[in-house]
Amino acid sequence: MGLDYQLVLWNKFKKTYDKIIVLAMLLYVILFAAITLTFNSETSIETLIIRAFGSLAIIMLHIILIIGPLSRLNSSFLPILYNRRHLGVSMFIAALIHGGFSIFQFHALGDVNPIYSIFTSNMDYGSLTNFPFQVLGFFALLILFVLASTSHDFFLSNLSAKIWKRLHMMVYIAYALIIAHVFLGAFQQETSTFTIGLLITGFIIVSGLHLVSAYKEHKVDKTSTNGTENWLKVCDISEIEEDRAKIFTIQNERVAIFKYDGKLSAIHNVCKHQGGPLGEGKIIDGCITCPWHGYQYLPHNGQSPPPFTEKVSTYQLKLENKTVFINPKAFDEGTEVEPCKY
Amino acid sequence: MKKNDEFYVPYIDGSLGVKTKQTLKRFTIIALLTIILGALLFSYTQKPFKNSTFELTNSTKITGVFHENPYPMLRVEVAKNIYKNILLLGFGKSSANPFLEKLQNQVKDLNGKLLSIEGNLIYYNGKTLIQITDEEKITLENQAISSIPVNESINNMTLQGEIIDPKCYFGVMKPGKGKIHRSCAVRCISGGIPPVLVTTDSNNLSQYFLLTDLKGGPINNDILPYIGKPSKVKGYVEKMEDWHIIKIDVSDILELNKKSNIY
Ligand code: HEM
Ligand code: FES
């Protein structure tokens, strides 16, 4: 991987991506303001800002949430996943403008600390229709802040991919809080079938896509392996495409078995970068290349080629009459294993 | 997974295949259409705002007779023998009292004194309020005592409406009522802004009642749980020129589980 070369092209793609995000956000705010000022010109500028950025943030959140399952269902969507972080940070900025203006507008210049006021100005915690909905938005904003601030590569390399992923699963908690924030808040007073319908449709799309892609993954996990003792039978060699892999779940771990140059190698399926599915990757220049951001690993030892230092576990394979068997015991990360020739 | 032989690697030039590009384009277009649809729906479906006004960047000087019964007001003669009582408010979510303190200490009792106040006007539906931002902008015009309004008794009444903070309701915020605004109204009234009951009858005519306790003293903290909700308020109603006053026992307020019909 030529490091400099990589950065240049990567940046070109990122720039287009970021430009689209910024233009779309501007388009939203300008349209929102133009329509409001045309049809409802008595608005106040603060309300305009609060509403434009709050509704923009929730729409962006939906887009962010469907990218994951879409790219699991169709790898053509993967390039969007690469840079989802920027979309996430932009959404946080929109949410922060909304939340910040709301905190200032509704809680500042009063007799108590504005943050304390969010929690105590409305004490109807026992009621649904009167529930202090701003508290829900506040917690959601906190979660989004944690996610946005840990989205930098610094945290990725300092938190393990697993912890990072778990942390970022909190986006679903934020989504739930925000839905409750809007349905128990704005929608109690600004009730419109259209906006309620929009968010319900959004919820159905988001949860539907997650269910479908989870079902697909579930099928991978059920791909059966059988055998006795040390060797598990996995599949016929013809089931694996050249320079590609098939993923199997072996003792609760996903393993990718690659076929290339008349050889077979097996490595742990999880990329060290952000946990991308290596088995959906491809052999390029003799390296297993992660489908998410292109990290590479040598198939015979699970190590990234120098100067990189990532390592994943490897597994031993054997072939009997075109049938592939695997030894379920993983070797330490980066262990050299003689590929199985056919 | 849908079969896709193309394999995009960000740092490999030309690896972005035709099919992948097309998917990306389609996704971008659908996302943009969603953004446009969202902007249309969220902006167009907002309920109409009222023409209530807050002159944030414009100060106006008004001159009138100060009285505090129990909330500080300035009685301004708007035409011959026609008076309007302008409610005095502090900066932000606060009472006017701290701004008046210095002058009050000088003259002992400000009631009946002619004052000029420069501040930001707030007005809607015939009512006017003024925000004071600086105690230096209050000047004593005349030491002589002028007459102040005397409350006319009306009757015991039970009214349906919503308790609001008049600063936001009459202009500073939109909407300045209801659930969305409740937290802010609580802060305002807790900060010393007088609570007001708004009623709206079937002809869409609104009346405004300053809320006081049974003895006619100010209420602030006790009323916080009842703000911004449709409710039934029972009390003794008096008229003070262009305002009403209702003297209540806070525990008599009954929350109504229904939609708000004021503005
Ligand atoms: C400190 C955090 C937050 C506060 C104090 C807050 C406050 C508010 C308030 C007062 C409203 C009603 C505004 C109106 O209709 O006039 C509102 C509505 C809304 N909020 Fe939040 N919010 C916060 C966080 C969030 C976050 C993180 C999101 C989403 C990413 C969000 C999304 C929305 C949406 C979609 C609406 C309805 C549309 C609108 O009126 O803006 N809010 N919020
Ligand atoms: S997850 Fe980023 S390259 Fe594999």
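Descriptive notes on the structure:
- Chain A: calculated mean residue ellipticity at 222 nm from DSSP helix runs of at least 4, using -39500 (n - 2.57): -17500 deg cm²/dmol
- Rounded to the nearest 20 debye, dipole of the stretch A:12-220 from Cβ charges on Lys, Arg, Asp, Glu: 1180 debye
- 1.4 Å probe, heavy atoms, protein only - residues of the stretch A:34-64 losing at least 40 Å² accessible area vs chain alone: A:Ile35, A:Asn40, A:Glu42, A:Arg51, A:Ile59, A:Ile63
- Accessible area of the stretch B:32-173 divided out per residue, in Å², using a probe of 1.4 angstrom: 47 Å²
- 37 °C / 0.692 mPa s Stokes-Einstein diffusion coefficient of the protein assembly as shown, Kirkwood radius on C-alpha pairs, µm²/s: 115 µm²/s
- Ranking A:His293, A:His86 by solvent-accessible area of protein heavy atoms (1.4 Å probe, all protein chains present), from largest to smallest, gives A:His86, A:His293.
- Counting heavy atoms of the protein chains alone, A:Ser265 has an accessible area of about 10 Å² for a 1.4 Å probe.
- Nonpolar atom fraction for the stretch A:249-342, defined as the carbon and sulfur part of the 1.4 Å probe accessible area, stands at 45 percent.
- For A:Cys290, solvent-accessible area (1.4 Å; no DNA, RNA or ligand), Å²: 0 Å²
- When the other protein chains are added to the chain by itself, burial of at least 50 square angstrom of heavy-atom accessible area (probe 1.4 Å, ligands and nucleic acids ignored) affects these residues of the stretch B:31-73: B:Ile35, B:Ala39, B:Leu41, B:Phe42, B:Ser43, B:Tyr44, B:Thr45, B:Gln46, B:Lys47, B:Phe49.
- Protein accessible area in the stretch A:12-220, 1.4 Å probe - carbon and sulfur %: 76 percent
- Sites A:Glu217 and A:Ala108 - FRET efficiency at Förster radius 60 Å, r taken between beta-carbons, to 0.05: 0.80
- The stretch B:53-140: Rg to Rh, with Rh as the Kirkwood radius over Cα pairs: 0.94
- Coarse-grained scattering of the stretch B:153-209 at q = 0.18, 0.20, 0.21, 0.27 Å⁻¹, given as base-10 log I(q)/I(0) from a Debye sum over alpha-carbon atoms: -0.63, -0.75, -0.81, -1.12
- Helix-only [θ]222 nm of chain B, DSSP H runs n ≥ 4, -39500 (n - 2.57) each, per residue, nearest 500: -6500 deg cm²/dmol
- Listing of the stretch B:9-27 residues, each with accessible area lower by at least 40 Å² in the full protein assembly than in the chain alone (probe 1.4 Å): B:Pro10, B:Tyr11, B:Asp13, B:Thr23, B:Leu24, B:Phe27
- Spatially, the stretch B:149-217 and the stretch A:179-194 are offset by 25 Å when compared through their Cα centroids.
- The stretch A:78-169: relative contact order in percent, alpha carbon pairs under 8 Å with at least 6 residues between: 25 percent
- Label sites at B:Leu254 and B:Leu205, each approximated as a point 7 angstrom past Cα along Cα to Cβ, lie 2.5 nm apart.
- Computed over chain B: relative contact order in percent, which uses C-alpha pairs under 8 Å that are six or more apart: 17 percent
- Solvent-accessible surface (1.4 angstrom probe) belonging to A:Thr191, in square angstrom, nearest 10: 70 Å²
- Heavy-atom surface analysis with a 1.4 Å probe gives chain B a carbon and sulfur content of 52 percent of its accessible area.
- Averaging the Cα positions of each part gives two centres, and for the stretch A:239-254 and the stretch B:42-88 these lie 74 Å apart.
- Averaged over the residues of A:70-80, the number of partner chain Cβ atoms lying within 10 Å of the residue Cβ comes to 6.
- Unit charges at the beta carbon, dipole of the stretch A:54-200: most positive-side option, A:Asn74, A:Ser127, A:Ile58: A:Asn74
- Taking all protein chains into account, the per residue accessible area for chain A stands at 47 Å² (1.4 Å probe).
- Within chain A, the cysteines lacking any other cysteine Cβ closer than 4.7 Å to their own Cβ are A:Cys235, A:Cys287, A:Cys340.
- With respect to chain B, whose longest principal axis is taken over its alpha-carbon atoms, helix B:178-190 is tilted by about 40°.
- Counting Lys and Arg as +1 and Asp and Glu as -1 over every other residue whose Cβ lies under 12 Å from the Cβ of A:Thr289, the net charge comes to -1.
- To the nearest ten degrees, helix A:133-149 and the longest principal axis of the Cα atoms of chain A are 40 degrees apart.
- For the set A:Thr38, B:Thr63, solvent exposure ranked by accessible area (probe 1.4 Å, protein chains only) runs largest to smallest as A:Thr38, B:Thr63.
- Take the accessible area of A alone and of B alone, subtract that of the pair with a 1.4 Å probe, and the total buried over both chains is about 6300 Å².
- Tilt relative to chain A, helix A:171-183 - C-alpha long axis, 0 to 90 degrees, to 10: 30 degrees
The values are calculated or read from the model by the stated rules, or taken from the named source; none is laboratory data. The structure displayed is predicted, hence computed values, not measured ones. A quick note on method: Cβ atoms are made from the backbone with ideal geometry, for glycine too, and the neighbour counts reach across all protein chains shown. Surface accessibility is based on the protein's heavy atoms, side chains included, excluding ligands, DNA and RNA. Shrake-Rupley method; radii C 1.70, N 1.55, O 1.52, S 1.80 Å.
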